[in-house]
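Participant: Quick one: the structure is below, questions incoming.
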């Protein structure tokens with residue numbers, strides 16, 4: 001028995017030596033040039049032209065691709081990107097863009113480009129979305145939501161290559177927002193040569209979106225669904241290779257695990273912490289918490305196609321039953337603002353602050369319900385968003401608070417939830433009665449916001465979750481989008497918001513602040529006004545030893 | 001003997017069909033599968049090894065299973081080895097010092113460890129070691145920055161044989177990641193093994209031949225560790241194999257707790273994502289596996305120790 005113990009303790013010591021001994025120095029090179037981001041969910045696809053969710057854009061458009069133009073989210077200025085300069089014809093129908101030279105696409109294990117970026121890539125990227133007969137148009141049943149909701153599907157007549165380095169966009173009618181559209185994620189430029197390669201070699205056409213090729217700062221290395229996405233820096237990036245050589249998205253839907261991974265140092269940056277973790281993060285000296293009022297709105301959408309939510313009086317009654325003040329305090333931790341309009345308060349000058357307040361008034365709510373013929377109440381479902389977004393940091397908690405408020409007026413609410421992909425899919429099919437959702441604006445453009453969420457055409461493009469269609473409202477926002485007279489534009493948007501306030505297809509809840517937490521050695525990580533995260537230009541401070 | 005094998009075979013086959021009935025029923029709960037399927041078709045497909053395609057990853061379920069199996073096997077093997085190496089000596093020491101303080105301490109500690117729910121115990125360890133002290137990672141099997149090509153699927157082997165320049169760092173990191181999960185999973189089996197070892201050792205020590213050995217003037221070491229242990233091992237291994245399903249359940253919970261990409265995590269994720277094909281396939285394969293392992297061990301034991309056969313014969317009249 002006595003010869004047993006020394007043996008075992010030697011083993012144990014050996015273990016300690018291997019695991020903890022002198023491991024710090026060797027690991028540093030991988031850690032100094034690598035960055036791990038604890039993200040919230042798997043991207044729906046790597047094609048930025050389809051889909052609308054911010055988690056997908058973070059993983060595709062902002063990492064792998066570039067657009068022809070970019071936008072300064074603070075000032076709204078249009079900046080060059082893949083296009084050096086641009087020109088609008090006098091009638092506003094033709095936009096001509098000069099392309100940048102010597103921009104390289106990614107070289108990966110699955111594709112080696114033989115040429116640099118040119119006008120045929122632009123043509124391919126837009127024709128794929130516009131032409132229903134295009135070989136790559138129908139892939140995995142995806143729809144080009146933004147291409148439709150921005151009206152480009154109807155308004156873009158043609159994209160033509162004048163020569164290798166010049167393209168021209170022809171519109172049916174002038175659209176002052178056109179250049180903004182070119183800065184948005186769905187206008188990302190894909191490689192035409194890669195598409196030809198897939199078609200020529202009879203590779204499954206889905207591969208174009210599973211193994212993407214772009215011009216962006218990082219290229220895809222490996223992706224394991226629901227586990228991680230691994231990127232490496234694009235060595236020939238047009239603005240110079242990134243300091244971060246390895247970028248990993250650690251897909252961590254559980255917010256508590258995200259928090260734990262950040263604290264234990266497995267992640268350098270985390271997305272959207274729970275409001276209950278906010279104070280803990282703030283008090284931790286090793287971490288930096290950034291937050292900013294966001295261009296977003298969280299709302300409670302009523303499916304206006306089904307009874308009793310087709311009745312505006314019922315919608316009003318339910319809206320007055322909800323105590324949004326409590327929601328702001330508990331769910332948002334007071335990091336946000338209540339809105340009575342579908343537009344976020346930060347969307348100036350178009351947010352109409354003269355709208356009548358949607359007051360918390362259970363008595364009025366009961367009266368309205370009785371008026372609508374539901375004096376005895378009814379039973380309904382609330383679908384709670386399963387992930388944390390700036391506009392809704394905790395969907396389930398919000399739904400529970402609302403459940404209690406609704407009980408006060410005799411309405412029994414059941415909380416329904418699915419995982420994110422299923423949730424989005426079912427909501428876009430209109431399977432919900434009511435749903436807690438939200439939207440993060442792409443730009444300061446109110447027209448984009450309202451038409452995406454509330455226009456009749458957005459029902460077709462599946463982003464109008466209330467399935468509400470009001471021709472007068474539609475008319476007002478279309479007019480507003482097509483005028484360049486700022487005063488008239490503002491008045492038109494104001495009137496549209498008044499119609500919304502009358503009809504209440506949803507109860508706007510408020511805008512939350514975008515929050516991100518990171519370790520202090522992560523430098524130059526900015527928080528974006530329009531939500532989402534971008535690792536371009538980020539570097540890590542190497543501790544001097 | 002043949003009778004026994006036939007009986008085991010009959011047992012395996014009936015249980016297997018029972019399980020397929022349940023998994024087939026699961027399918028009727030799945031929303032819009034498109035085509036209606038008969039039970040006979042389902043069984044035919046299962047026997048061809050076709051378990052369908054996962055609705056969330058669009059890869060064949062059998063492939064998914066094989067991709068997740070190594071992580072589970074690695075965890076179970078490491079944890080049971082650890083449990084054996086700690087539990088067995090503890091139990092024997094306890095038996096040798098019967099009713100002395102050492103015995104009492106070991107006995108009570110193992111009783112506590114035995115009754116510890118894995119979920120709770122795991123979270124306590126994570127809170128202490130990962131969040132408070134920051135010495136162990138909270139989840140996963142390797143730091144995200146290490147990119148190791150999965151060759152065998154066993155992370156310790158893959159990192160070891162990898163050609164990446166940092167592969168030894170990755171190997172250490174993998175050990176680092178496995179420490180807590182292995183500890184958590186090993187806790188209960190260690191306690192069970194210690195208690196079983198103590199029990200069988202006590203029974204062996206009470207035999208006449210032990211007294212004879214003592215009378216012969218053998219050294220204490222020889223008496224306990226050679227004569228005692230050898231004879232205690234047979235009933236001990238019998239009791240040990242009964243713990244396989246306990247270990248597998250524990251592994252599933254541990255995987256979930258530490259986000260380890262094993263079978264348990266895979267099945268629970270499939271449930272969360274309403275991926276019924278994976279769920280159905282996963283349950284079918286794991287239960288079949290457990291049934292088979294149990295049956296094989298049962299037969300092996302009988303073959304090694306024919307006394308068992310005689311005993312069952314007597315019981316059967």
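The values are calculated or read from the model by the stated rules, or taken from the named source; none is laboratory data. Bear in mind that the values here come from a model prediction, so they are computed numbers and not experimental data. Methodologically, a virtual Cβ is constructed for each residue, glycine included, from the backbone with ideal geometry; neighbour enumeration extends over all protein chains shown.
Participant: Since residue A:306 meets every condition but one in (1) buried (at least 18 other Cβ atoms within 10 Å of the Cβ); (2) over 22 Å from the mean Cα position of the chain (by Cα); (3) within 30 Å of residue A:378 (Cα to Cα), which condition does it not meet?
Facilitator: Just one mismatch for residue A:306, condition (1).
Participant: Now for a different question. Taking segment B:154-167 only, how many residues are more than 15 Å from residue A:222 (Cβ to Cβ) and either modelled with pLDDT of 90 or more or buried (at least 21 other Cβ atoms within 10 Å of the Cβ) (or both)?
Facilitator: So in segment B:154-167, the residues more than 15 Å from residue A:222 (Cβ to Cβ) come out as B:154-157, B:159-161, B:163, B:165-167.
Those still in the list that are either modelled with pLDDT of 90 or more or buried (at least 21 other Cβ atoms within 10 Å of the Cβ) (or both) too: B:154-157, B:159-161.
The total comes to 7.
Participant: Give segment A:263-275 a look and list any residue that's touching a residue at least 60 places away in the same chain (Cβ under 8 Å) and either more than 10 Å from chain B (Cβ to nearest Cβ) or in contact with a helix residue (DSSP H, G or I) (Cβ under 6 Å, 6 or more places away or on another chain) (or both), or say none.
Facilitator: Just the residues of segment A:263-275 that are touching a residue at least 60 places away in the same chain (Cβ under 8 Å), to begin with: A:265-275.
Matches in segment A:263-275: A:267, A:269, A:270, A:271, A:272, A:273, A:274, A:275.
Participant: In segment A:496-520, which residues are surrounded by fewer than 16 Cβ atoms within 10 Å (Cβ to Cβ) and in contact with a strand residue (DSSP E or B) (Cβ under 6 Å, 6 or more places away or on another chain)?
Facilitator: A:520
Participant: Taking segment A:28-48 as the search range and keeping residues that are out of contact with any strand residue (DSSP E or B) (no Cβ under 9 Å at 6 or more places or on another chain) and within 27 Å of residue A:191 (Cβ to Cβ), which one is farthest from the other protein chains (Cβ to nearest Cβ)? Outline the logic, then answer.
Facilitator: First, the residues of segment A:28-48 that are out of contact with any strand residue (DSSP E or B) (no Cβ under 9 Å at 6 or more places or on another chain): A:28-29, A:44-45, A:47-48.
Still in the running and within 27 Å of residue A:191 (Cβ to Cβ): A:44-45, A:47-48.
Values: A:44: 12, A:45: 12, A:47: 16, A:48: 21 Å.
If we take residues in segment A:28-48 being out of contact with any strand residue (DSSP E or B) (no Cβ under 9 Å at 6 or more places or on another chain) and within 27 Å of residue A:191 (Cβ to Cβ), then A:48 is farthest from the other protein chains (Cβ to nearest Cβ).
Participant: In addition: Any idea which of (1) surrounded by 24 or more Cβ atoms within 10 Å (Cβ to Cβ); (2) in contact (Cβ under 8 Å) with a residue 60 or more places away in the chain is the one residue B:205 doesn't satisfy?
Facilitator: Exception for residue B:205: condition (1).
Participant: A further question follows. Would a scan of segment A:429-450 turn up a residue that is away from every other protein chain (no Cβ under 14 Å), surrounded by fewer than 18 Cβ atoms within 10 Å (Cβ to Cβ) and touching a strand residue (DSSP E or B) at 6+ places or on another chain (Cβ under 9 Å)?
Facilitator: no
Participant: Sticking with this one: So, in segment B:267-279, of the ones that are assigned to a helix (DSSP H, G or I) and at the interface with chain A (Cβ under 10 Å from one of its Cβ atoms), which residue ends up nearest to residue B:71 (Cα to Cα)?
Facilitator: First, the residues of segment B:267-279 that are assigned to a helix (DSSP H, G or I): B:267-272, B:276-279.
Those still in the list that are at the interface with chain A (Cβ under 10 Å from one of its Cβ atoms) too: B:269, B:272.
Numbers: B:269: 15, B:272: 20 Å.
Filtering first and then ranking leaves B:269.
Participant: Taking the conditions exactly as written (within 30 Å of residue B:270 (Cβ to Cβ), away from chain B (no Cβ under 14 Å), touching a helix residue (DSSP H, G or I) at 6+ places or on another chain (Cβ under 8 Å) and surrounded by fewer than 19 Cβ atoms within 10 Å (Cβ to Cβ)), does residue A:211 satisfy them or not? First the steps, then the outcome.
Facilitator: Numbers: within 30 Å of residue B:270 (Cβ to Cβ): yes; away from chain B (no Cβ under 14 Å): yes; touching a helix residue (DSSP H, G or I) at 6+ places or on another chain (Cβ under 8 Å): no; surrounded by fewer than 19 Cβ atoms within 10 Å (Cβ to Cβ): yes.
So residue A:211 does not fit the description; no.
Participant: Only one of these conditions is not met by residue B:257: (1) surrounded by 22 or more Cβ atoms within 10 Å (Cβ to Cβ); (2) at pLDDT below 85; (3) within 13 Å of chain A (Cβ to nearest Cβ). Which number is it?
Facilitator: Result: residue B:257 fails condition (2) only.
Participant: Identify, from the list B:270, B:251, the residue that is surrounded by 20 or more Cβ atoms within 10 Å (Cβ to Cβ) and more than 16 Å from the chain's Cα centre (by Cα).
Facilitator: Working: B:251 fails: more than 16 Å from the chain's Cα centre (by Cα).
Only one candidate passes the filter, namely B:270.
Participant: Examine segment B:280-300 for a residue that is farther than 15 Å from residue B:66 by Cβ and within 14 Å of chain A (Cβ to nearest Cβ), and state whether such a residue exists. Step through it out loud before you land on a result.
Facilitator: In the first step, residues of segment B:280-300 are kept if they are farther than 15 Å from residue B:66 by Cβ; the result is B:280, B:283, B:287, B:290-300.
Next cut, within 14 Å of chain A (Cβ to nearest Cβ) only: none.
The answer is no; no qualifying residue exists.
Participant: Restricting attention to segment A:277-290, does a residue exist that is more than 22 Å from residue B:129 (Cα to Cα), touching a strand residue (DSSP E or B) at 6+ places or on another chain (Cβ under 9 Å) and within 11 Å of another protein chain (Cβ to nearest Cβ)?
Facilitator: no
Participant: Would you check if there is a residue in segment A:277-292 being in contact (Cβ under 8 Å) with a residue 24 or more places away in the chain and surrounded by 24 or more Cβ atoms within 10 Å (Cβ to Cβ)?
Facilitator: no
Participant: Look at segment A:212-236 and say how many of its residues are under 25 Å from residue A:99 (Cα atoms) and either touching a residue at least 40 places away in the same chain (Cβ under 8 Å) or within 22 Å of the chain's Cα centre (by Cα) (or both). Break it down stepwise before answering.
Facilitator: Our first condition is that a residue be under 25 Å from residue A:99 (Cα atoms); within segment A:212-236, this holds for A:212-220, A:233-236.
Applying the additional criterion that residues be either touching a residue at least 40 places away in the same chain (Cβ under 8 Å) or within 22 Å of the chain's Cα centre (by Cα) (or both) yields A:212-220, A:234, A:236.
Residues that pass the stated criteria total 11.
Participant: A further question follows. From the list B:179, B:187, pick out the single residue that is within 30 Å of residue A:266 (Cα to Cα), at pLDDT 85 or above, surrounded by fewer than 22 Cβ atoms within 10 Å (Cβ to Cβ) and within 19 Å of the chain's Cα centre (by Cα). Before you say what the answer is, go through the steps one by one.
Facilitator: Details: B:187 fails: surrounded by fewer than 22 Cβ atoms within 10 Å (Cβ to Cβ).
Exactly one of B:179, B:187 is within 30 Å of residue A:266 (Cα to Cα), at pLDDT 85 or above, surrounded by fewer than 22 Cβ atoms within 10 Å (Cβ to Cβ) and within 19 Å of the chain's Cα centre (by Cα), namely B:179.
Participant: Let me ask something else about it. Output the number of residues of segment A:49-77 satisfying the condition of being surrounded by fewer than 21 Cβ atoms within 10 Å (Cβ to Cβ), touching a helix residue (DSSP H, G or I) at 6+ places or on another chain (Cβ under 6 Å) and at pLDDT below 90.
Facilitator: The number of residues fulfilling the criteria is 0.
Participant: While we're here: Can you tell me how many residues in segment A:398-432 are touching a helix residue (DSSP H, G or I) at 6+ places or on another chain (Cβ under 7 Å) and in a helix (DSSP H, G or I)?
Facilitator: Qualifying residue count for the region: 5.
Participant: Identify the residue in segment B:103-148 that is more than 9 Å from chain A (Cβ to nearest Cβ) and outside any helix (DSSP H, G or I) and, among all such residues, is farthest from residue B:183 (Cα to Cα).
Facilitator: B:148
Participant: Only one of (1) without any contact (Cβ under 8 Å) to a residue 24 or more places away in the chain; (2) more than 28 Å from residue A:39 (Cα to Cα) is not met by residue A:56, so which one is it?
Facilitator: That leaves (2) as the condition not met.
Participant: If you don't mind, there's one more thing I want to ask. I need the full set of residues from segment B:103-132 which are within 21 Å of residue A:255 (Cα to Cα), over 21 Å from the mean Cα position of the chain (by Cα) and free of Cβ contacts under 8 Å to residues at least 24 places away in the same chain, in order please.
Facilitator: B:124, B:127, B:128, B:131, B:132
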